[in-house]
Amino acid sequence: MTDPFLAPDPRLEGDPRTLERPGLPGHLVAQAPLPTDAMWMARALERAREAAVVGEVPVGAVVVAVEPSEADPSRGDSAHAVTRRGRLIAEGRNRTRQDSDPTAHAEIVALRAAGRRLGRSRLPGTTLYVTLEPCAQCAGAAVLARVDRVVYGAADPKAGMAGSLGNLLQDPRLNHRVHVTPGVLAHEAGTLLTDFFRARRL
Ligand SMILES: [Zn+2]
């Protein structure tokens, strides 16, 4: 079986794992998930659930550094093989109400924490996991931060700028483009949001 981590770095075009979605507005070029994506998204969902507990819209985000590391011989990997494992850098959840801050979305909270942790304002080599498709602000922040990938859970047909309303992450006119994997644990992320808003209407 081919280990996807050993495949060449994915590119927006020509990657065999790329799923073309020409029908979507913004012409999202979506990539299939990597084996570790669901694990990190589960962690982002934990942050989202914490937001719900304190009455914030339940969205969570995690920033992960992807770096080469030695292969594990116990799994029969080749001695020279290099796998790409993730390392947690920072995480966050929506806190707009708590902070009276309209910009305090989960992605912004996590990206700011990641910048502080790494001591730099740009975050190449990282993946941003978020339970809901990023809005214009957060997609813009991902571009500014130069993240390599954005992996999101539920699509946001009302505000999503990673394929739904538009695609700020892959606009060829900008000087950085982001690989995107949509729909990871989308059902869990969407149900969390639906249940939250249903409970508020009762
Ligand atoms: Zn946002």
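Where a number appears in this text, it was derived from the coordinates with a stated rule and is not lab data. Please read these numbers as outputs of a predicted model, since none were measured by experiment. Cβ coordinates were reconstructed from backbone atoms using ideal geometry, including for glycine residues, and neighbour counts include every protein chain displayed.
Placing dummy labels 7 Å off each Cα toward the beta-carbon, the span from N175 to L88 is 3.4 nm.
Database remark: amide H of Q31 closer than 5 angstrom to the amide H of L19, V180, T181 (H placed geometrically; neighbours at sequence offset of 5 or more, or on other chains; Pro and chain starts carry no H).
Among residues other than A139 with Cβ under 10 Å from its Cβ, the summed charge is -3 (Lys and Arg +1, Asp and Glu -1). Compactness of region 118-189 is given as radius of gyration and Dmax, 11.6, 35 Å, from Cα positions. Can you compute the label reach from R49? Point 7 Å from Cα along the Cβ direction, backbone N cut-off under 16 Å, restricted to region 178-202. Output list for this probe position: 185-196. For the peptides 180-186, 146-152, 95-101, 168-174, the ranking by packing is 146-152, 180-186, 168-174, 95-101, with the highest mean count of neighbouring Cβ atoms within 10 Å listed first.
Where Lys and Arg each count +1 and Asp and Glu each count -1, what net charge lies around A48 among other residues with Cβ under 15 Å from its Cβ? So the environment of A48 carries a net charge of -3.
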